[in-house]
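Take a look at the structure below.
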Amino acid sequence: MKFAQLLFSPTGGTQRVAEAITGAWAAEVETVDLTDPAVPPAAFQDGDLVLIAVPSFGGRVPPLAVQRLARIQGGGASCVLVCVYGNRAYEDTLVELQDCAERCGFLVSAAAAAVAEHSILHQYAAGRPDTQDTEELQRFSRAILEKYRQGKRELAVPLPGNRPYKKTGGVGMVPKAGSGCTGCGLCAKQCPAQAIRPDDLRKAGEEKCISCMRCVVRCPQGARKVNGAMVAAAGLALKKACSVRKDCELFL
């Protein structure tokens, strides 16, 4: 029996949510980093408890997370699904993640939706997950662990979302480096999509970039940014949908 978390967390918000849940499970929780292009195959078995956490990109599971989850063998292990969104909506993310997990051979026992600071529009859900979120997620953690210990493995409620899933959006905002770039290459090394060429650090390839914003967050010089006018327009467009605080949700 082991405890594990499979994380696709480019900017850290999804990881903070996940660890608020798994932190109370066991002294040792194995972590599989799905943002790593070279993530090795992993295998689990009946008796294990595995959390799978992804951000919601436009109401869907990030395609790269889908691809990398396909390398994992669930082996009948119980799993907990977590989707993290920027206070707008998560739409079909959970049902799509459920389908991905079941294709891998996991048995979905629980699911949760939680909010983290928007990775592009930082004024929305700023500072989340906050203390209130963490307390709620820890309560979820205890309920999930109790269900697991009782041997209740089936998900008792349907997850929100639609099949077929909503259509994915077009090309998102692609960060570029400004004059502050020192050419350290960290952005290229840490890009989950390998969209930044080491010999051309100034821009990311639009055909590969998933607009995850890891390069923006991780740049030690703060040199990578997205188009300010596009960010401002998006902020206005989402103001109504994002301004009212959404709470964490648990599905057992």
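FYI, it's all coordinate maths here, none of it is from the lab. Being a predicted model, the structure only gives us computed values, none of them experimental. Because the Cβ atoms are built from the backbone with ideal geometry, glycine has one as well, and the counts that use them run over all protein chains shown.
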Computed over the stretch 176-226, Kirkwood Rh from alpha-carbon pairs, angstrom: 10.5 Å
Expected sort for 89-102, 229-242 on mean C-beta neighbours within 10 Å, highest first, is 89-102, 229-242
Computed from every Cα-Cα pair in the stretch 78-227, P(r) in 10 Å bins starting at 0 and rounded to whole percents is 10, 29, 30, 22, 8, 1
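Can you tell me what share of the DSSP beta bridges in the chain is antiparallel? A percent to the nearest 5 is fine. Could the numbers behind the result be given before it?
Numbers: 8 of 34 bridges.
Among the beta bridges of the chain, antiparallel pairing accounts for roughly 25 percent.
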At 4 °C in a medium of viscosity 1.567 mPa s, the stretch 1-133 has a Stokes-Einstein diffusion coefficient, with Rh taken as the Kirkwood radius over alpha carbon pairs, in µm² per second, of 89 µm²/s
To the nearest 10 degrees, how steep is helix 228-237 against the longest Cα principal axis of the chain, on a 0 to 90 scale? 40 degrees
Can you spot the aspartates and glutamates whose alpha carbon is less than 15 Å from Lys2's alpha carbon? Ignore those fewer than 8 places along the same chain. Glu28, Glu30, Asp46, Asp48
If you fit an axis through the alpha-carbon atoms of helix 13-22 and take the longest principal axis of the Cα set of the chain, what angle between them do you get, 0 to 90°, nearest 10? 20 degrees
What FRET efficiency do you get for Ser179 and Gln150 if R0 is 51 Å and r is their Cβ-Cβ distance, rounded to the nearest 0.05? 0.30
Pairwise Cα inverse-distance average, inverted: Kirkwood Rh of the chain (Å): 18.7 Å
Just tell me which lysines come within less than 17 Å, Cα to Cα, of Lys203; anything on the same chain fewer than 8 places away is out. Lys176, Lys189, Lys225
What angle do you read, to the nearest 10 degrees and between 0 and 90, between the alpha-carbon axis of helix 131-149 and the longest principal axis of the chain? 40 degrees
Round to the nearest 0.05 the FRET efficiency obtained for Val231 and Ala27 when R0 = 41 Å and r is the Cβ-Cβ distance. 0.45
May I ask for the distance between the Cα centers of the stretch 44-63 and the stretch 199-252, given as a whole number of Å? 21 Å
Out of residues 5 or more away from Val115 or on other chains, whose amide H comes under 5 Å of its own, with H placed 1.01 Å from N in the peptide plane? Tyr85
Can you return the aspartates and glutamates within cross-link range of Lys246? Criterion is Cα-Cα under 19 Å, with same-chain partners fewer than 8 residues away left out. Glu91, Asp92, Glu117, Asp130, Asp133, Glu135, Glu136
Take the Cβ-Cβ distance between Arg139 and Val217 as r, set R0 to 30 Å, and report the resulting FRET efficiency rounded to the nearest 0.05. 0.55
